[in-house]
Structures are given as C-alpha cells and as structure tokens.
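Here's the structure, in structure tokens; my notes come after.
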Amino acid sequence: MSIKAEIQPSSVFIVSGGAKGITAKCTINLAQKHPCKFILLGRSELINNEPDFARECFDEATLKKKIMEYLISQGEKPTPMKVQGIYRQIAGSREIKQTLSEIRTTGSEVEYLSVDVTDTLDLHQKISDAVEKMGKVTGIIHGAGNLADKLIEKKTEQDFDKVYTAKVKGLENLLSCVNSSELEHLVLFSSVSGFYGNIGQSDYAIANEILNKSAHLVKQEYPGCHVVAINWGAWDSGMVTPHLKKEFAKRGIDIIPIEVGTQMLVNELQPQYHNTTQLVIGSPSIPPATTLEPELNKYTIRRQLKLSANPFLHDHIIAGNPVLPATCAVSWISDSCEKIYPGHKAFSCTEFRVLKGITFNETLASEYFLDLQEVGKDVDNHVVDFQGKIWSRNPQGKTIYHFSANVKLLKDIPTPPTYERLNLNLDNIITTTGKEFYQQGVSSLFHGPAFQQVKRVININQEKITTECFWQEISKQTQGQFPAYWVNGFTTDLSTHGLWLWLSHFHQEICLPGQLSRYEQFAKIPYNTHFYVSCEVTNKTTTGVAADFYIHDEKGKLYSQLLGAKGIIFPAKLMEVK
Ligand SMILES: NC(=O)c1ccc[n+]([C@@H]2O[C@H](COP(=O)([O-])OP(=O)(O)OC[C@H]3O[C@@H](n4cnc5c(N)ncnc54)[C@H](OP(=O)(O)O)[C@@H]3O)[C@@H](O)[C@H]2O)c1
C-alpha cells in the first residue's frame with residue numbers, strides 16, 4: 001500500500017528538538033512552505049521574564065560578564081561552569097522564542113513543551129494536553145539528540161545514556177504517544193556517523209543506526225506512512241561548533257549550508273519521495289589520520305570489471321569499444337591507496353604509464369589485480385609512497401600489465417599554489433560552445449554526454465589553449481565502479497579535452513593518452529560549477545604531443561596539475577566506429 005500523504009493546514013507535527021538547532025531551522029522552512037500545526041519539544045525552560053542584567057544584552061562576552069557580576073553580587077563563586085549554565089539557559093530560551101515567532105509569522109499554529117523525551121509519563125501527559133488543543137498528531141519529526149564525543153574507553157555510562165536515550169528511548173516514547181497506524185509522516189534525524197561510523201562517537205553511531213533500522217521496521221509495519229531516516233552529514237549549525245567546523249575542513253568534510261539542508265528536508269516530505277526510507281545527505285565521516293607503522297607492506301587487490309556495472313563507459317568509446325579512461329585508472333590506484341590509510345589523501349601520482357588499456361570487449365579479463373607496494377614511509381610526517389601496478393592474465397595465463405603509477409599519500413595536502421600564467425581573456429578564435437565541440441571534428445568519435453563538458457574555448461594559440469569546463473555530476477550509479485572521491489577520473493579526463501581541441505584545430509589530428517610524469521592535487525575539482533584548464537603544449541611531433549595541464553579557478557588557484565602528459569597521435573580513421 002502506498003498512501004501519498006500531503007501536508008494539509010490541519011496536519012499536526014510533533015517535532016522533538018524542534019525549537020533549537022537544525023531541527024528548528026527545518027521546521028521554520030517547513031512552516032513557510034506548508035503552514036500547519038507544530039508541537040515543539042525540548043528540555044529547556046522558556047524564560048518569560050529574563051533577569052534584569054540580561055535585558056537588551058545580546059553579545060555573548062558581555063552577557064557572560066554580566067552573569068559573573070550577578071553571581072558575585074549574590075555571594076556566589078562565578079565558576080566557568082555556572083556562568084556557562086546560566087548563559088545557556090538565557091541563550092536557549094531566546095532561540096526558542098525566535099523559532100516560535102518565525103513559525104507564527106507563517107500563519108502556522110505552534111506550541112512549545114518543555115519536556116524530556118526520555119521521560120515517558122511527563123511526555124504522555126504534556127502531549128495529550130497539546131493534542132486536545134491542536135488535534136490528532138499526523139506526523140513526527142524526531143530531531144532530539146545530544147553529543148558526548150570521546151574515545152570509547154573514556155566514555156561514562158552517563159555519556160552513553162545521554163546520547164543513546166534521547167534518540168532511541170525518545171523515539172519509542174514518541175511513537176507510544178500517537179496512534180502509529182494513523183501516522184502519515186515519520187522523519188528521523190539520523191547521522192552519517194551511524195551509517196559510516198565515526199571515531200569518538202560509538203554511542204552516537206549506535207543510536208543513529210538504531211534510528212535507521214527502526215525506520216525500515218516502521219515502514220514495513222505501516223507501509224502507508226511516509227517514513228524516512230535522514231542520515232545528515234555535518235551542518236553549518238546546531239551541534240557543529242566553530243571548533244568542529246575547523247576540524248571538518250581539515251579533514252575535507254563538506255558542511256551542509258542551512259538553506260540547502262532545510263530545503264532538502266522540505267523536499268523529502270513531498271509525496272514523490274515517499275518510497276525512500278533511508279537517505280544519506282552530506283559528506284561521509286572521514287576519519288582522522290590513522291597512525292603509521294614503519295614496516296613497508298605489500299597488498300594485492302582483486303576486482304572484476306563489468307560493462308553493465310559501469311554505464312559511463314558507453315560515453316567513452318574508441319573504435320566501437322568501451323575503453324576505461326586512463327584517468328579512471330589513476331583514480332583506481334590512488335583511491336585504493338587512500339583506503340589503506342584512512343585520513344590520508346593522494347597528493348601526487350607520478351610516472352603514470354598506460355601499458356595496455358582495458359577494453360570492454362572479448363579481451364576483458366575475468367579478474368584484474370592491483371599490486372600496491374609501499375616503497376617509502378615517513379611515519380612522523382604522515383607520508384606514504386606506493387608503487388602501483390594494474391595487471392591481468394590473458395587466456396594463456398600470461399601476465400598483461402595495464403597501468404602503473406607511483407602514488408604519494410599525505411595527511412596534510414599543501415596549500416594550493418596559483419597558476420602564474422593565467423590568461424582568461426577571450427580571443428574569439430574558436431567560438432563553438434558546449435556540446436557542439438563533441439559533434440564535429442575528430443573529437444566526435446570519442447566522448448559521449450557524460451564527458452562532453454568543455455563549455456567554451458577562452459583562447460588558443462600555437463603554444464596554449466585555455467578552456468572553461470563544467471562537470472555536471474553524473475549519478476553514482478552511472479559512475480559505476482569508479483566513483484569520484486578525492487581524485488575524480490571524470491573531471492580529470494574532461495580537463496584534458498583542451499589538448500584534443502588544440503590538435504583538432506591546428507593539425508586535424510587526435511591522440512590517445514600514453515603517460516604522465518606528475519599529477520598533483522591540491523583540492524577537489526568542483527562539481528556543478530565552472531573551472532578552467534590552461535593547457536600548455538610543450539612538444540608536437542608527427543607521432544606524439546606533450547603538454548602540461550593546470551586546472552584552476554577563475555583567479556588561477558590550482559585544484560590540480562598534470563605535468564609532462566604525453567599523447568600518441570592516432571590516425572583518425574582508426575578511431576571510426578565500426
Ligand atoms: N548539526 C549537525 O551537523 C547534525 C548532523 C547530523 C545529524 N544531526 C542530528 O540532528 C538533530 C539536531 O541536531 P542539532 O545539531 O540541531 O543539535 P542541537 O543544536 O544540539 O539541538 C538538539 C536539540 O535536541 C533537543 N534535545 C536533546 N535531548 C533532548 C531530550 N532528552 N528531550 C527533549 N529534547 C532534547 C535539544 O533541546 P534542549 O536542549 O532544550 O533539550 C535541542 O533542541 C540531532 O538528532 C542530531 O543528531 C545533526
């Protein structure tokens with residue numbers, strides 16, 4: 001059964017944790033889009049009459065000073081804990097009032113109940129009083145949650161209880177206050193920490209994962225109810241303090257902007273999304289760097305490749321056959337190194353060689369092997385050097401080497417340098433734009449829509465071409481076995497198209513990648529936004545072409561650079577689709 005419940009003005013939502021933090025922001029946005037009725041729950045008391053010293057005082061430091069003076073005037077010792085406690089009460093109460101006022105301006109009805117969701121009796125009593133006034137509850141948004149981040153051996157029982165019970169006991173209690181079979185919406189605020197795990201958050205991860213599993217159970221029992229456990233990544237608000245935000249930035253974790261997150265919550269409540277019960281929104285939790293041991297290890301990772309598992313290959317056809325882009329081999333090797341040492345990133349990939357490309361036809365091997373040999377390690381500075389080789393066996397059992405590269409992993413990626421020869425002046429020599437590039441000349445033989453993302457040529461001369469690119473992210477399913485993480489095989493491939501255009505423009509030729517001396521990455525090449533590639537051609541002969549590629553933003557700040565790239569000139573007729 002699938003009921004597509006729409007939110008009506010008479011709908012009544014219980015929102016635990018809905019008066020503060022991100023749940024409050026989401027509730028305000030929901031009220032703006034769908035004015036209805038809300039019962040907000042939180043433990044904090046609403047202070048109707050603020051103490052005199054707090055009136056009209058909104059600056060945190062000044063208010064804390066006034067709290068200290070007040071405590072002294074009362075003969076009390078102004079310990080940091082006492083001051084912080086009073087400050088939290090005042091600031092919390094102000095946040096609640098602000099939320100109530102913003103919800104009321106939408107025309108919605110709203111009430112705040114000061115109640116602990118883990119207190120079964122008090123919760124039942126207060127909710128039944130509110131239901132008398134507002135009407136039957138049609139939806140629950142369970143956003144109440146707490147953190148007590150610590151390594152597991154340092155956690156106390158109280159820490160565990162505080163984190164666990166607000167989520168798990170809280171959900172149980174909330175469901176016991178309503179008639180579940182009549183519920184139309186159940187939204188659980190869960191976290192990527194439950195889905196991926198996170199250091200210092202064993203209690204939080206357990207609680208959130210129980211919410212995830214509960215969502216599936218409730219959905220199974222009440223298929224007519226729209227149930228969704230949203231596994232949020234870190235927001236730019238709520239429990240994410242400025243200190244945590246800095247930590248996330250260091251670890252390359254993207255933060256969800258408030259307006260994006262709140263809009264996603266509203267979208268999730270639309271009837272067309274009612275069949276998704278668990279959803280991950282945001283960056284996965286990237287663990288802090290693992291400690292390195294000095295031994296040099298060797299790994300062999302086996303995998304099977306299938307055309308059906310990699311839909312993007314239909315957009316990378318050479319001579320009629322899908323071929324693995326060389327840049328995906330780079331990401332294959334570098335991603336594998338990163339997985340061995342969580343918290344470290346591939347900074348460079350040197351001496352990359354295409355020895356024998358991988359073609360998805362009858363020559364596709366039943367299994368591929370990636371050998372990773374550690375050849376150097378600086379334990380103190382968190383540096384690991386790998387030698388990587390991808391190989392397979394042919395039907396006669398002979399080893400065939402496909403790609404090789406050296407990868408350097410670092411914990412801290414250097415600050416991006418600036419490309420000094422930046423020139424974004426339009427010369428209007430090539431005026432073709434967008435997909436037209438790929439529908440004419442030799443390049444038409446190669447790339448399909450997933451890769452057709454050079455937007456325009458900014459300028460071109462005998463030594464250099466500058467292109468503007470925009471990678472519209474393709475779905476993870478289309479990215480198949482080569483999903484873009486830190487090193488993105490798709491944007492890197494796209495970054496090299498300028499050389500194709502240069503060869504086509506000046507020589508009516510096409511080339512295939514052969515080798516690359518050095519790939520360095522300082523930042524993720526952005527998705528769904530413009531970036532620029534300055535390609536400097538360093539050599540051109542009848543059989544080959546060499547170039548350096550600098551991938552940067554409009555100010556020249558480098559995302560990555562490909563230095564000493566060499567391509568083999570390929571007779572265009574051999575590329576034709578058979
Ligand atoms: N912010 C993020 O980046 C992020 C990421 C992933 C998931 N989430 C989830 O989103 C939810 C909200 O997070 P937030 O960042 O907005 O946190 P927050 O600012 O700390 O707010 C937590 C809310 O939960 C309420 N609460 C906590 N324990 C409660 C209890 N026992 N009974 C009743 N209310 C209780 C708090 O109100 P009182 O203090 O008044 O009790 C407060 O309103 C949480 O479930 C969290 O796990 C947040």
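The values are calculated or read from the model by the stated rules, or taken from the named source; none is laboratory data. All values derive from a computational prediction rather than experimental measurement. Positions of Cβ are backbone-derived with ideal geometry, glycine not excepted, and every protein chain shown enters the neighbour counts. Heads up: the accessible areas ignore ligands, DNA and RNA and are worked out on the full protein's heavy atoms, side chains in. Shrake-Rupley method; radii C 1.70, N 1.55, O 1.52, S 1.80 Å.
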Can you give me the distance in nm between label points at Ser10 and Asp59, each placed 7 Å from the Cα along the Cα-to-Cβ direction? 5.2
Run the count for the stretch 348-445, please: Lys pairs, Cα-Cα under 25 angstrom, 8 or more apart or on different chains. 9
Less than 15 Å Cβ to Cβ from Tyr299, Lys/Arg counted +1 and Asp/Glu -1: what total charge do the surrounding residues give? -1
Figure the gain on full extension for Arg303 and Ser44 (residue separation times 0.36 nm, minus the Cα-Cα span) and round it to one decimal in nm. 87.9 nm
Solvent-accessible heavy-atom area per residue, rounded to whole Å², over the chain at 1.4 Å: 47
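Distance check, please: which entries in Lys150/Lys246; Lys154/Lys246; Lys136/Lys213; Lys37/Lys213; Lys464/Lys566; Lys524/Lys557 exceed 20 angstrom between their Cα atoms? Write down the numbers at each step before the final one.
Working: Lys150/Lys246 18 Å; Lys154/Lys246 23 Å; Lys136/Lys213 26 Å; Lys37/Lys213 28 Å; Lys464/Lys566 15 Å; Lys524/Lys557 12 Å.
Over 20 Å apart, Cα to Cα: Lys154/Lys246; Lys136/Lys213; Lys37/Lys213.
Among 156-162, 5-11, how do they line up by average Cβ neighbours within 10 Å per residue, starting with the highest?
Values: 156-162: 13.3, 5-11: 15.0.
Per-residue Cβ counts within 10 Å, averaged per peptide and sorted highest first, yield 5-11, 156-162.
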Restricting to Cα pairs under 8 Å and 6 or more apart, the percent relative contact order of the stretch 434-575 works out to 25
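Which order do the peptides 243-254, 186-197, 420-431 take when ranked by the mean count of other beta-carbon atoms within 10 Å per residue, highest first?
186-197, 243-254, 420-431
Determine the gain in length on full extension of the stretch His216-Leu296; use 0.36 nm per residue of separation and subtract their C-alpha separation, reporting nm with one decimal.
Numbers: separation 80, 0.36 × 80 = 28.80 nm, distance 4.41 nm.
Taking His216 through Leu296 to full extension adds about 24.4 nm, to one decimal.
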Note to self: C-alpha centroids of the stretch 1-68 and the stretch 157-204 sit apart, in Å, by 19
With Glu109 itself left out, Lys, Arg at +1 and Asp, Glu at -1 over residues whose Cβ is under 11 Å from its Cβ give +2
For the ranges 48-54, 326-332, 107-113, 353-359, what's the packing order if you count other beta-carbon atoms within 10 Å of each residue, average per peptide, and put the highest first? 326-332, 107-113, 353-359, 48-54
For Tyr559, what residues show an amide H to amide H distance below 5 Å, using hydrogens built from the backbone and excluding near sequence neighbours? Ile551, His552, Asp553
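What does the convex hull of the Cα atoms come to per residue for the chain, in Å³?
Values: hull volume 121.0 nm³, N = 578.
That works out to 209 Å³ per residue.
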Taking the Cα atoms of the stretch 138-220, what is the range of coordinates along each of the three principal axes, in descending order and whole Å? 43, 24, 16
I'd like the orientation of helix 202-221 relative to the chain: the angle between its Cα long axis and the longest Cα principal axis, in ° from 0 to 90, rounded to 10. 90
Using label points projected 7 Å from each Cα along Cα→Cβ, tell me how many nm separate Thr431 and Asn179, to one decimal. 7.0
Placing +1 on the Cβ of each Lys and Arg and -1 on the Cβ of each Asp and Glu in the chain, which of Ile258, Tyr70, Gln89 has its Cα farthest towards the positive end of the resulting dipole? Ile258
Rounded to 0.05, the calculated FRET efficiency for the beta carbons of Thr399 and His314 at R₀ = 25 Å is 0.30
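Using a 1.4 Å probe over the heavy atoms of the protein chains, calculate the carbon and sulfur portion of the accessible area of the chain as a whole percent. Provide the component values of the computation, followed by the final result.
On the way: 14070 of 26880 Å².
Carbon plus sulfur share of accessible area: 52 percent.
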Can you spot the aspartates and glutamates whose alpha carbon is less than 13 Å from Lys298's alpha carbon? Ignore those fewer than 8 places along the same chain. Asp371, Glu374, Asp385
Label-point separation in nm, Asn267 to Ile72, each point 7 Å along Cα→Cβ: 5.3
Compute the length gained on full extension between Ala365 and Glu473: take 0.36 nm times their separation in residues and subtract their Cα-Cα distance, giving the result in nm to one decimal. 36.0 nm
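Taking the Cβ-Cβ separation of Asp254 and His124 as r and a Förster radius of 41 Å, what is the calculated FRET efficiency to the nearest 0.05? Show your work: numbers first, answer last.
Working: r = 40 Å, r/R0 = 0.98.
So the FRET efficiency works out to roughly 0.50.
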Lys82: which lysines have alpha carbons under 17 Å from its alpha carbon, excluding same-chain residues fewer than 8 sequence positions away? Lys64, Lys65, Lys66
